[in-house]
Structure formats: C-alpha cells, structure tokens
Amino acid sequence: MRVIGLMSGTSYDAIEAAAGDLTLDGDTLRLRPRGHLSVPYPDDLRNLIAATLPPAPTTAQTICALDTGVGHAFASAAARASQELCANAADLVVSHGQTLYHWVENGAVRGTLQLGQPAWIAQRTGLPVVSDLRSKDIAAGGQGAPLVSMTDTLLLRTLPGTPAALNLGGIANITVVAADTEPLAFDTGPANALLDAAVRHFTGGAAHYDEDGRRAAAGRTNPDLLRLLLSDPYYRRPAPKTTGKEHFHLPYLQQALQATPGLNPDDVLATLTRLTAVTVADACRAHHVTELIVSGGGTRNPTLLRMLASELPAVPLRPSDDLGLPSDAKEALAFAVLGFLTFNGLPGALPSSTGARQATLLGSITPGRSPLRLPEPAPHPPRMLRITA
C-alpha cells in the first residue's frame, strides 16, 4: 500500500510530506520510503497560526479560517507528494493536521485540537484520508501522544540494549524500549518551542529560530535561569505525560526572565538550549538508555547536539537516518504507518506509552472520490519494522 503522511509540528514552519510503500509480512511491517518534501506555510497562514496559539485570545471565526486554511495547505502538500513521490499512484493520505491546543489538567488530557479539514485533502487528491489520530486514544484515557512511539517501538525492537528514540521538534519526546518491559514514551519538555519564541522576541520577528545554534554557541548558560526553569513541576511528573506550547510559550519565558533580569540574549538562548539537553538527559538516565536515535528539526542545531552529548557522555547518539528513516521525514512517515494500521484494522497506540486503558484504532477516515473499501482486518499487529531500500 502506497501511503502519504503529512505532519506539521509545534514549530509550525512547514508541512512535512513523506511517502512510503507499506506491507505487512507476518509480524513484520516493511516500509520502503519513497522520499519527502518540506512545504513552507504561506506567510499569512503561519502568522495567523502564531497569533492564534495559546495564550492568545481568539474567535470561532479565526478557528474556522485556520481549519480551512491549514486544510488547503495540507491538500496542496498532499497533491505535490502524490505527483512527485508517488507518480500519482498513492492509495491513502494520513494527515496529522496542525495542533492548536492540547488540553491538559492535573496531568490528565481532556482533549486536543488539530486543525486542517481533511475534506479539502480528499477533494484535491481524490484519495481517502485518515485524520484526527489523537482523539480516540484520549477518549480511552490516554495522553494522545506521543503517537510516534508506535513506529519508534517497532523500529527499536531490532536493536540491542535499551535503545531510545528522541524527536526534537517544538517539544521533545522520547520512546524507550527495554527488554522484557513494555515500551515507554513521553514528552520530556521543550526542544525548539522556547528557543524559537525567544529568537522571535529578541529580534522583533526578524528571525524565527537560532540558525545552526550560533547564538546559543556564542552565549553562556546562566545557572540561575536554568535552575528556575528546571523547577517547573512538569519535569517531576511521572510518565506517560505530554505537554505543548499551551504551557511552554513566550509569556512563560518572560516570567522567568523577569525573575532573572539583565541577561544577554545569547546567554538566554544558551540556557534554553541547555534546558533541553538536561531534561532529555535526565529522562535517559532515569530509564538506563544505552543508545539514543535522534530525529526532528533540532538535529539541525549542532549546539543542541553538542550539549546533549556532553550531558550523556556514555550514550552514543546517532541520527534516525542510520536506520533508514530520514530525520526530517520521520514523523511524517510515522503517521503514514499509523494510517496504514488504521486502514488495516489495527491499533496505532501503545497503552504503556500513552496511558490509555487499552490499545485503540486511531483516527477518522474521510472517503476520496471513490466509494470507501477497507481491506479485511489484519489478523494481528506487527512486532517490528524493517526499512527497505
């Protein structure tokens, strides 16, 4: 089955589209990646997303406009991927959409909102679309995240020791797979979320991120600011747990800076980069990780990777590319896997990773131009993932 996965994370800078051929062979899921595209959001749409994210107030009209605007943008990305990556022979599109809000109260997730109306994608491509992948897990008592843990677990089961997969997006999440133990996954805290917010603030919007980590590399970690940031109760909560930009946003950072005034902007960026490295390293040490497979936009920040390596000197770090999953496309391919599982009647979330009461089928399916025909459900879920060339 040829599947297109669409993903835009908490950094909301672009839509990542990836395609792959997926087949289920006994207990092995085989994936042959067909390439990926990064499609930047139009400036006006990206600005509208930024202006609408919490803690900003908004209106129902704006939410409707975003649902349509993001839907159109995802539809365009899917059409490009269908033509350029699949020779117009794709079978399914899987859309994560754009997260606008992840509602967490006292550690429990009450709901989640991903925008990007799938009808626009189905209409543009003519293909069925799997979307809204988080809500069913939440309804079953789970966190609805990190859903990438299913793909991580299937892939890491082929590795020795206690490997972990780390994704460095706006928020950092980790999946740990230890022998004879159920896999565990959770958000460790911010990765690019606070860094990007700080850069936009310090540059008056002229820059959106710390390119190559240069400004953080020019600064020094401030121990008082780092200590204050690490005092956030989130880091002491047990897994599974999730968070997002509804918690780690610019006003959150500004409050911390008011308590530690007079800091050089580069020192703030160095401290925020160190915060990510320390919180990830703490999670790895707590679960005795022996190898860390890294992916996501944060892998393009050499300063962050150097700090992470310094916090984990005994743990080898390598990119997911080494396992056949391109770092920039890994999340999009992971959602392609989830949509494939849903289409074949298989659960896509692991209760030990999300905290749900049971494994559930994920998402809703929007038919394409043809009548919707689902295959017979697969007899059992896969145990491992093999990447083929």
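The values are calculated or read from the model by the stated rules, or taken from the named source; none is laboratory data. Just so you know, these numbers come straight off a predicted model, no measurement behind them. For neighbour counting, all protein chains shown are included, and Cβ atoms are generated from backbone atoms with ideal geometry for every residue, glycine included. Please note that ligands, DNA and RNA were not included when accessible areas were found on the heavy atoms of the full protein model with its side chains. Shrake-Rupley method; radii C 1.70, N 1.55, O 1.52, S 1.80 Å.
Observations, loosely collected:
- Based on C-alpha pairs under 8 angstrom that are at least 6 apart in sequence, the chain has a relative contact order of 24 percent.
- For Val104, the residues whose modelled amide H falls within less than 5 Å of its own, excluding neighbours fewer than 5 places apart on the same chain, are Arg110.
- Cα-based shape type of the stretch 294-341, given that a ≥ b ≥ c are square roots of the gyration tensor eigenvalues and the cut on a/c is 1.5: prolate
- Within the chain, antiparallel bridges make up roughly 65 percent of the DSSP beta bridges whose residues both belong there.
- If you sort Cys86, Cys64 by accessible surface, 1.4 Å probe, largest first, the order is Cys64, Cys86.
- Loop-located trypsin sites (Lys or Arg not before Pro) in the stretch 132-185 (DSSP state other than H, G, I, E, B) with a sparse environment of at most 16 neighbouring Cβ atoms within 10 Å: Arg157.
- Centroid-to-centroid, using Cα positions, the stretch 149-199 and the stretch 20-39 are 20 Å apart.
- Computed over the stretch 236-389, the convex hull of the alpha-carbon atoms projects to a mean area of 13.5 nm².
- Once the Cα gyration tensor of the stretch 345-389 is diagonalised, semi-axes √(5λ) in Å: 23, 17, 11
- Summarising the label geometry, the points placed 7 Å from Cα in the beta-carbon direction at Thr158 and Met1 lie 2.0 nm from one another.
- Gained length - Asp282 relative to Leu230, 0.36 nm times residue gap less alpha-carbon distance: 17.6 nm
- Straight-distance candidates among the aspartates and glutamates for linking to Lys330, with alpha-carbon spacing under 15 Å and chain neighbours fewer than 8 residues away dropped: Glu16, Asp21, Asp152, Asp321, Asp322.
- Classification of the stretch 13-163 by its C-alpha gyration tensor yields an oblate form. The axis ratio a/c (a ≥ b ≥ c) is 1.5 or more, and b/c is at least a/b.
- Rounded to 10°, Cα long-axis angle of helix 330-343 versus longest principal axis of the chain: 40
- Mean separation of Cα contacts under 8 Å, 6 or more apart, over the residue count of the stretch 226-324: relative contact order %: 28
- Direction-averaged projected area, Cα convex hull, the chain: 17.9 nm², rounded to one decimal.
- Of the whole protein surface, Ser82 contributes about 20 Å² of accessible area at a 1.4 Å probe radius.
- GNM result for the chain, Cα springs below 10 Å: residue of His96, His249, His201 fluctuating most strongly: His201
- Selected from Thr260, Thr271, Thr342 as most flexible by GNM, with the chain as the system and alpha-carbon contacts under 10 Å: Thr260
- Neighbour cut-off at most 16 other Cβ (10 Å), DSSP loop, trypsin sites (Lys or Arg not before Pro), the stretch 259-363: Arg357
- Whole-percent carbon and sulfur share, accessible surface of the chain, 1.4 Å: 52
- Rounded, prolate or oblate (a/c below 1.5 giving rounded, otherwise prolate when a/b exceeds b/c) for the stretch 130-197 by Cα gyration tensor: oblate
- Estimated [θ] at 222 nm from DSSP helical runs (n ≥ 4, -39500 (n - 2.57)) normalised by residues in the chain, nearest 500: -11000 deg cm²/dmol
- The label point for Ala259 and the one for Leu361, both projected 7 Å from the Cα toward the Cβ, are 4.8 nm apart.
- In the complete set of protein chains, residue-level accessible area for Trp120 is approximately 100 Å², probe 1.4 angstrom.
- Solvent accessible area, Å² - Tyr252, 1.4 Å probe, full protein context: 40
- Relative contact order, percent, the stretch 133-240 [alpha-carbon distance under 8 Å, six or more residues apart]: 18
- A straight line joining the Cα centroids of the stretch 59-132 and the stretch 228-263 runs 29 Å.
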